[in-house]
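Data block below; observations after.
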Amino acid sequence: MRVAVIADIHGNIHALEAALHDAEAKAVDEIVIAGDTVNILPGSKACWERVTGLGCPVLRGNHEHYLYTCGTPAAPPEWTQARFKGLWWLREQFSDAEVEAMRALPLTYALPGLLVTHAAPHNLFATVEEDTPAERLRELFGGVAEPLIVRGHN
């Protein structure tokens with residue numbers, strides 16, 4: 001089975017279309033969107049509409065979290081500062097139903113032998129680098145049964 005995992009689109013509709021075109025040219029069997037479809041770029045709404053119209057699995061990333069947290073009691077107080085105006089603008093681009101759909105997105109998608117996640121199965125913000133200690137990797141990915149994990153985020 002050939003799977004295309006597309007992550008960290010960040011509102012770049014042109015890059016998304018190029019990645020989808022490449023997946024089509026390679027005749028993949030399945031596409032999975034691994035989070036961060038949106039960002040404070042003007043193309044975020046178009047990217048959201050495009051990926052949700054594909055009928056493929058779409059996962060939640062940290063940028064979806066930022067969007068659905070914006071304007072709620074869970075939002076950090078500093079988000080009212082001028083430097084976060086882009087986030088408030090982004091929130092205005094989406095209906096409440098779309099924002100709730102983002103909140104409901106799963107954190108993982110599993111296929112036989114493969115787990116796809118944005119950052120980690122239970123952590124939207126986890127950073128993994130080449131020198132991440134094994135103990136930290138066990139914290140983030142312990143209990144994952146699949147032998148292969150594909151992630152985005154960083």
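The values are calculated or read from the model by the stated rules, or taken from the named source; none is laboratory data. From a predicted model like this one, the values you see are computed outputs, not experimental measurements. Glycine gets a Cβ as well: all are built from the backbone with ideal geometry, and neighbour counts include every protein chain shown. Heavy atoms of the whole protein, side chains included, go into the accessibility calculation; ligands, DNA and RNA do not. Shrake-Rupley method; radii C 1.70, N 1.55, O 1.52, S 1.80 Å.
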Take every DSSP beta bridge whose two residues both sit in the chain, then give the antiparallel share in percent to the nearest 5.
35
Over the chain, with every protein chain in place, what whole percent of the accessible area is carbon and sulfur at 1.4 Å, could you tell me?
55
What is the sum of charges, Lys and Arg at +1 and Asp and Glu at -1, for the other residues whose Cβ falls under 10 Å from the Cβ of His118?
-1
Accessible area per residue for the chain in Å², computed with a 1.4 Å probe and the full protein assembly in place, what is it?
54
Longest span of the chain, sites excluded, free of trypsin sites (Lys or Arg not before Pro) in DSSP loop with at most 16 other C-beta atoms within 10 Å?
27-154
When Lys and Arg each count +1 and Asp and Glu each count -1, what net charge do the other residues less than 13 Å away from Ala34, Cβ to Cβ, add up to?
-2
Kindly identify the stretch 108-150 as rounded, prolate or oblate by the Cα gyration tensor criterion: order the square roots of the eigenvalues as a ≥ b ≥ c, call it rounded if a/c is under 1.5, otherwise compare a/b with b/c, prolate if a/b is larger, else oblate.
prolate
